[in-house]
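These notes are about the structure you will find just below.
The values are calculated or read from the model by the stated rules, or taken from the named source; none is laboratory data. Fair warning: this is a prediction, and the values are worked out from it, not measured in the lab. Virtual Cβ from ideal backbone geometry, glycine too; neighbours counted across all protein chains shown. These area figures cover heavy atoms from the full protein model, side chains too; ligands, DNA and RNA do not enter into them. Shrake-Rupley method; radii C 1.70, N 1.55, O 1.52, S 1.80 Å.
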Amino acid sequence: MLNLLIDFVRDLARKYEIGKVILVSDADIEFDDIEVIKAPRSYIEAVKNTFAVTSSCGLTESIMTIPGISEFVEAYLEARGYDSKAIVCVYLPNLKGAFVIDGESKLSRILKECSEYVHPEALRSALGVALTIAFKGREGKKIGTAFVIGDPENVLKRSRQIVINPYEGHPPEKRDVKNPDNWESIMEFAQLDGVFVLDSNGIILSAGRYLDIEGEISLKYGLGGRHIACASITKSTKSIAIVVSGSGGDITIFKDGEAVIEIPVSMM
Ligand SMILES: Nc1ncnc2c1ncn2[C@@H]1O[C@H](COP(=O)(O)OP(=O)(O)OP(=O)(O)O)[C@@H](O)[C@H]1O
């Protein structure tokens, strides 16, 4: 069975000219010259759980019934710098198969739109940290935070420091969100009240910053002060905000005062 599946994946890769496989399996499987991206454990568990309740449906239907699963796969690929064309190969005890994900994802489109205000690499890296925070939290507990990227002069004018800024006086390379070596300290400071402020290249200027709320903002029910403040700052400045909800764990990206995408991490 496994050999058949491997051959099938190789055929798909050749036919659709795709060089990577997202592997949804407890096992490590190799596909010769095709790059394997192992899906995160939470995704594997989500597929297993969904299959348990939708076992009468087909493979694709089963996977696609997980709310927001495609946004999650796309976000996962994007944050790692991949495009969203991939083969998904599932090899689990009760579920085996492969299918192709193709075309421009909603997230790719949104990230492109946001590059009007911020460097795409900076945005992708901040999203990578946000996903890591949403998944892991800190010392076993969920944490919420937000990254406001771009137009720093105006963002700083419309906000104030509520704790001593831990990034003050450090060289840019230690404050660069694009360098994953800095992610551990970012995750530590994500526990502070307030938000991170970054320039459009992803250099962190401040953490623990409280944002002014200006004008009327209407968001969906249940979103509180942090989300409202981030929506507001993106309305009054040319910045993008990535918010990790401490209560739900989901991620929302705001641009021009609107939630342009929600990534339902809590469902994974
Ligand atoms: N205006 C603001 N500027 C910066 N940070 C804020 C602001 N308002 C609230 N916060 C931060 O957000 C935290 C959570 O506040 P609140 O629960 O009202 O927001 P929320 O949008 O519901 O976020 P969550 O989903 O994380 O609970 C606060 O403890 C504070 O650290």
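Data for the structure
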read-out: Selection within region 219-268 - closer than 21 Å to Lys141 by Cα, over 19 Å from the mean Cα position of the chain (by Cα) and part of a loop (DSSP other than H, G, I, E, B); value: Gly222, Gly224
read-out: Flag for Asp199 being open to solvent by less than 50 Å² (accessible area, probe 1.4 Å) and acidic (Asp, Glu); value: yes
read-out: Residue satisfying condition, being open to solvent by less than 10 Å² (accessible area, probe 1.4 Å), among the β-branched types (Val, Ile, Thr), more than 10 Å from the ligand (Cβ to nearest atom) and at pLDDT 95 or above, within set Ile261, Ile242; value: Ile242
read-out: Residue within region 208-221 that is within 10 Å of the ligand (Cβ to nearest atom) and either out of contact with any strand residue (DSSP E or B) (no Cβ under 8 Å at 6 or more places or on another chain) or outside the structural domain of Phe147 (by TED's automatic domain parsing) (or both) present; value: yes
read-out: Hits in region 76-96 (condition: hydrophobic (A, V, I, L, M, F, W, C) and either modelled with pLDDT of 70 or more or part of a strand (DSSP E or B) (or both)); value: Ala86, Ile87, Val88, Cys89, Val90, Leu92, Leu95
read-out: Looking only at region 224-239, and only at residues there that are within 11 Å of the ligand (Cβ to nearest atom) and buried (at least 21 other Cβ atoms within 10 Å of the Cβ), the one that is nearest to Asn154 (Cα to Cα); value: Ile233
read-out: Selection count, region 167-181, where residues are more than 10 Å from Ile203 (Cβ to Cβ) and either of a type in the set (Gly, Ala, Ser) or crowded, with 16+ Cβ neighbours inside 10 Å (or both); value: 1
